[in-house]
1. Specify the residue that is farthest from P164 (Cα to Cα); the eligible residues are those in the range 211-234 that are within 30 Å of the chain's Cα centre (by Cα) and buried (at least 24 other Cβ atoms within 10 Å of the Cβ).
2. If I ask for residues that are surrounded by 14 or more Cβ atoms within 10 Å (Cβ to Cβ) and in contact with a helix residue (DSSP H, G or I) (Cβ under 9 Å, 6 or more places away or on another chain), which ones from the range 244-254 would you list?
3. Among the candidates R100, R31, single out the residue that is closer than 30 Å to V213 by Cα, free of Cβ contacts under 8 Å to residues at least 60 places away in the same chain, basic (K, R) and surrounded by fewer than 20 Cβ atoms within 10 Å (Cβ to Cβ).
4. If you check L339 against the conditions, is it under 23 Å from A389 (Cβ atoms) and open to solvent by 50 Å² or more (accessible area, probe 1.4 Å)?
5. Name the pairs whose Cβ atoms lie under 7 Å apart, with the first residue in the range 59-70 and in contact (Cβ under 8 Å) with a residue 24 or more places away in the chain and at negative phi, the second among the small types (G, A, S) and buried (at least 18 other Cβ atoms within 10 Å of the Cβ), and 6 or more positions between them or separate chains?
6. For E134, indicate whether it is out of contact with any helix residue (DSSP H, G or I) (no Cβ under 9 Å at 6 or more places or on another chain) and either closer than 16 Å to E206 by Cβ or open to solvent by 10 Å² or more (accessible area, probe 1.4 Å) (or both).
7. Taking A117 as meeting all but one of (1) crowded, with 21+ Cβ neighbours inside 10 Å; (2) within 37 Å of the chain's Cα centre (by Cα), write down the number of the exception.
8. So which residues in the range 140-186 are of a type in the set (A, V, I, L, M, F, W, C) and open to solvent by 60 Å² or more (accessible area, probe 1.4 Å)?
Amino acid sequence: MRGRQVSGKRGLRAARLRPGDFVRLGGTGLRTRPLRVLLSALGIAIGVAAMLAVVGISMSGRAEVDRRLDRLGTNLLRVSPSQSLGQSSRLPEESTAMIRRIGPVRQVAATGAVGDAKVYRNEHMPSGRTGSIEVLAAEPRLLASVGGKIRTGRWLDSATAEYPGVVLGREAARRLDVHTPGTRLWLGGTWFSLVGIVDPVPLAPELDQAALVGWPAAREYLGFDGHPSTVYVRTEEDRVTAVRDVLAATANPEHPNQVVVSRPSDALAAREATESALTGLLLGLGGVALLVGGVGVGNTMVISVLERRPEIGLRRALGATSGQIRGQFVTESLLLCALGGAAGAVLGTGITAVYAAVRGWPTEVPLWATAAGVGVTLAIGALAGLYPAIRAGRLAPTQALAGSA
């Protein structure tokens with residue numbers, strides 16, 4: 001505290017306090033009540049950590065979606081027959097070949113639903129226990145077209161596609177409880193050998209619950225009619241919209257209105273939008289927690305004013321002004337909230353990092369979120385400390401000293 005006394009018409013003038021003096025006074029007030037300060041700061045820290053963790057986890061998830069899309073590509077289009085009045089139309093057998101003639105198209109592969117064929121662990125399984133596994137005929141180019149990867153074994157090639165071999169999606173393999181290539185499966189009344197298991201494909205999630213057999217083998221052993229049920233089309237990156245506009249007429253020239261063309265990456269973007277809405281809700285809950293923490297700080301400061309009436313009276317008697325008393329208590333409130341805000345920022349960043357590491361995501365904690373969290377905390381601290389500070393500043397020296405007697 002620095003000051004000077006000036007003689008003049010108005011007599012003595014109060015000492016002037018610099019910002020550093022207010023900080024030292026506020027810090028001294030906090031150090032004298034460590035447990036109360038810790039509990040009050042904890043409420044603020046929980047609110048800031050909740051808000052920062054919600055934003056960080058959301059941004060990390062979005063970064064993972066973007067990374068996945070960059071790896072899988074956004075140039076995949078999906079062509080399928082439309083549903084009308086509960087009945088499905090069919091794509092012509094030549095649709096795949098016709099789509100392949102479109103200039104910007106780079107890869108085309110199809111799957112076809114194989115009638116009533118079901119897959120079982122063995123021939124003794126009850127006919128109703130199918131595990132909701134769909135049997136699909138698949139072309140050899142399918143895995144490359146959708147950006148899939150083999151988890152175990154191998155994919156269907158020109159040899160295995162002609163013989164009774166089957167590739168399972170990971171979920172289908174889990175339901176059948178088979179994980180070793182070479183295992184025999186009872187499929188459509190014929191023994192098929194497990195060739196491989198495919199990892200989940202984000203842009204074609206329907207393959208995860210499917211049993212995939214070669215196109216020729218499906219015709220010979222399962223009575224497949226050769227009509228594709230889904231065609232996956234890879235195009236040039238800058239020609240996706242142009243190809244999308246002509247796909248329906250190309251796939252089924254006679255009935256283009258019976259063809260549905262979709263972009264699987266749009267589904268991931270829609271899911272990201274849904275998660276953003278959920279993020280808004282969670283941010284609201286974090287804001288409520290932060291507000292509750294601010295109320296706790298205000299309560300702490302009110303009690304502090306009541307307990308420190310002797311100190312306030314003594315300082316007023318020594319010449320401290322009402323403004324200096326108010327500044328001291330507002331500074332204490334700001335320091336308390338800054339302490340909680342800094343702890344919350346560290347805690348929220350740590351929660352985000354741990355969660356992202358467990359999920360295998362990149363860790364994204366935007367700087368603006370940290371700055372906003374701390375800024376809001378300081379604003380709450382100023383508001384929470386304003387009423388106790390005004391109350392303390394209004395105490396006259398005689399009143400404060402008399403109340404402590």
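The values are calculated or read from the model by the stated rules, or taken from the named source; none is laboratory data. In this text the structure is predicted, and so the values were computed from the model without any measurement. Here Cβ is always computed from backbone atoms with ideal geometry, including for glycine, and neighbour counts include all displayed protein chains. We work out accessible area using only protein heavy atoms, side chains counted, and drop any ligands, DNA or RNA first. Shrake-Rupley method; radii C 1.70, N 1.55, O 1.52, S 1.80 Å.
1. Filtering the range 211-234 for residues that are within 30 Å of the chain's Cα centre (by Cα) and buried (at least 24 other Cβ atoms within 10 Å of the Cβ), the one farthest from P164 (Cα to Cα) comes out as V233.
2. L247, A248, A249, T250, A251, N252
3. Just a single option satisfies the conditions, and that option is R100.
4. yes
5. Here the result reads S60/A356; L69/S265, each pair linking the range 59-70 to a residue that is among the small types (G, A, S) and buried (at least 18 other Cβ atoms within 10 Å of the Cβ).
6. no
7. Going through (1) crowded, with 21+ Cβ neighbours inside 10 Å; (2) within 37 Å of the chain's Cα centre (by Cα) one by one, A117 breaks only (2).
8. Within the range 140-186, A144, W186 meet the criteria.
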